[in-house]
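J.: My questions will all concern the structure given below.
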Amino acid sequence: MSLSLLVYKSTITDQLDKDRVQEMSLVFKHRNRQRNITGLLLFDGEHFLQVLEGSSQSIGSLYEDIKLDSRHKKLVTVLHEPIFKRTFSDWGLAFISIGKDNQIELPTNHNGTNQPQYLSELESVDENRAAMIIDAFAKGLWRESYSIPADKLNDSVNSGLQLSDQLNKPKKEYPVNFAFQPIVNPVSKLVTSAEALIRGPDNSSPFEVLSKYSGTELYEFDLESKKYALEIASDLGLPCRISLNLLPMSLIVNPDAVEVLVSKAKDLHIPNEQIIVEITEEEIITNQEAFLQAIMKLKTSGINVAIDDFGAGYAGLSLLTEFHPDKVKIDRKLIQSIHTNGPKQAIVRAIVNCCHSLGISVIAEGVEEIAEINWLLQEGITKFQGFYFAKPKLNSFPIINWS
Ligand code: C2E
Ligand code: MN
Ligand code: MN
């Protein structure tokens, strides 16, 4: 029989005191005993952390029930994986209360000690994942100190002009099309920038447009097309920053790439500081002189540099030791359903921590749900791009949903 370990976090819906929760834990204990599930329940007055062990099948079906249980709010899966043996078999479902001073009181097991006796000689407590997560929870991780309710978010942004009300529709046809998608700060209700996403004549995707070219032609087209991105932005009268996507090779194959951008911007009276160049994490070339030089040249001219799709490649945080971007855009795959996914939360927290320490501004990409936005706001992220606020709009600037 295969065994599974499940650790999840949730927040209580009603005001419950420790005694009431302890009572409830007896009901859970009975339910779990029937399914031969053992584990621990930690409670700090507001948040639960449950550690459950049992057959993979019974853990799976119990978790489906828990997900449907309306008493659980902000359910986060911290860990759900197969295990070799049970860790907390001694305790059935032990209830652990965490005091104001974050002190944990472990219940005594039937050996009369509170040292878990499950661990083999090879394993110490601090090498056991469940034990480490419990420790982290006790220290305050996985427990948010405040939350911004969705209606408050609405309140703070409900007055004021839509940026798009001020924009003119383009009257021209362009040889290359771009769809614009805003990056917004929903708290100050400001549009930070507009990203220009290349489109074919029939609104086809960047992939389709770029796949028509290969070799140096691709890099030349990639750079040349950006002149039109700037031109459309200028015709629209975009008062915010303009983000351009470029392949690193487009900066290397065209030795005067930065001059090309700067000279076009000058013609259009767009200040260099209004331009951002985005390069995806996956494509960043480390240890290459020509590439680093192009980046330095961009920065020297006042153009900002952003790492796009951060977290999707394998370079990771160490990339920031070599390459100093002005902005980091966290990949959509990490952002999706972040409010329910423990590993994603831990990773995004680390990225935010690191970027803020280095003075790099952080943007969350691909936000589609208010719950994702609220979680990210709590962690200190204020800049967002995603379908929740606006979808990209062809050769124009979309209306933003601030609600
Ligand atoms: P990207 O730079 O990460 O751009 C964001 C992509 O995510 C866009 O797809 C956008 O439509 C999509 N997106 C934004 N918000 C959401 C959301 O909430 N949910 C979902 N499901 N998707 C969202 P798009 O326009 O298809 O662009 C794909 C990629 O193509 C871009 O990813 C960028 O890497 C590349 N690209 C776009 N334009 C250019 C260009 O001019 N040159 C080069 N080299 N690459 C480009
Ligand atoms: Mn991009
Ligand atoms: Mn991206």
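The values are calculated or read from the model by the stated rules, or taken from the named source; none is laboratory data. Bear in mind that the values here come from a model prediction, so they are computed numbers and not experimental data. Note that each Cβ is placed from the backbone with ideal geometry, even for glycine, and that neighbours are counted across all protein chains shown. Please note that ligands, DNA and RNA were not included when accessible areas were found on the heavy atoms of the full protein model with its side chains. Shrake-Rupley method; radii C 1.70, N 1.55, O 1.52, S 1.80 Å.
J.: On a 0 to 90 degree scale, rounded to 10, what angle separates helix 129-138 from the longest Cα axis of the chain?
T.: Relative to the chain, helix 129-138 is tipped by roughly 80 degrees.
J.: Here is a follow-up. Could you pull out the longest piece of the chain with no exposed loop GluC sites (Glu not before Pro) in it, calling a site exposed if DSSP puts it outside H, G, I, E, B and it has at most 11 other Cβ atoms within 10 Å?
T.: 174-403
J.: Roughly what percent of Cα-Cα pairs across the chain reach past 36 Å?
T.: 39 percent
J.: So if R0 is 45 Å, what FRET efficiency would Lys67 and Ser403 give, r being the distance between their Cβ atoms, rounded to the nearest 0.05?
T.: Approximately 0.95, to the nearest 0.05.
J.: Determine which lysines satisfy two conditions relative to Lys393: a Cα distance under 16 Å, and not lying fewer than 8 residues away in the same chain.
T.: Leaving aside lysines fewer than 8 places away in the same chain, those within reach of Lys393 are Lys169, Lys171, Lys172.
J.: So how much slack lies between Val187 and Ala136, counting 0.36 nm per residue of separation and subtracting their Cα-Cα distance, in nm?
T.: Full-extension gain reported as 15.3 nm.
J.: May I ask you to give the percent of accessible area on the chain that is carbon plus sulfur, with a probe radius of 1.4 Å?
T.: 51 percent
J.: Okay, moving on. State which entries of Lys212/Lys297; Lys189/Lys383; Lys67/Lys139; Lys9/Lys67; Lys139/Lys329 exceed 19 angstrom in Cα-Cα distance in the structure shown.
T.: Lys212/Lys297; Lys67/Lys139; Lys139/Lys329
J.: Identify which of Thr321, Thr340, Thr192 has the largest mean-square fluctuation in a Gaussian network model of the chain, with springs joining Cα atoms closer than 10 Å.
T.: For the chain, modelled as a Gaussian network with Cα springs under 10 Å, the answer is Thr321.
J.: Could you compute the FRET efficiency for Glu208 and Asp326, with r as their C-beta to C-beta distance and R0 at 30 Å, rounded to 0.05?
T.: Result of the calculation: an efficiency of 0.50.
J.: As a check on your grasp of the helix formula, calculate [θ] at 222 nm for the chain: sum -39500 (n - 2.57) over DSSP H runs of n ≥ 4, divide by the residue count, round to the nearest 500.
T.: Helix contribution divided over all residues of the chain: -10500 deg cm²/dmol.
J.: Taking 0.36 nm per intervening residue step and subtracting the Cα-Cα distance, what contour gain separates Arg86 from Ser234 on full extension?
T.: That pair, Arg86 and Ser234, stretches by 46.9 nm at full extension.
J.: Given springs between every Cα pair under 10 Å in a Gaussian network model of the chain, which of Pro182, Pro82, Pro343 has the largest fluctuation?
T.: Pro82
J.: Based on the Cβ-Cβ distance of Glu220 and Glu273, what FRET efficiency does E = 1/(1 + (r/R0)^6) give at R0 = 22 Å, to the nearest 0.05?
T.: The pair Glu220/Glu273 has a calculated efficiency of 0.25.
J.: How do Thr286, Thr87 rank by accessible surface area computed with a 1.4 Å probe, from largest to smallest?
T.: Largest to smallest exposure gives the sequence Thr286, Thr87.
J.: Label Ala371 and Lys172 with points 7 Å out from Cα along Cα→Cβ: what is the distance between them in nm?
T.: Using points 7 Å along Cα→Cβ, the separation is 4.6 nm.
J.: I've got another one for you. Can you tell me the orientation of helix 18-34 relative to the chain, as the angle in degrees between its alpha-carbon axis and the longest Cα principal axis, to the nearest 10?
T.: 80 degrees
J.: What ranking of Cys240, Cys354 comes out by heavy-atom accessible area, probe 1.4 Å, highest first?
T.: Sorted descending by solvent-accessible area, the residues read Cys354, Cys240.
J.: What fraction of the DSSP beta bridges in the chain is antiparallel, stated in percent and rounded to the nearest 5?
T.: Taking every DSSP beta bridge with both residues in the chain, the antiparallel ones total about 55 percent.
J.: State in Å² the accessible area per residue of the chain; use a 1.4 Å probe, count heavy atoms of protein chains only, and round to the nearest integer.
T.: Accessible area per residue: 48 Å².
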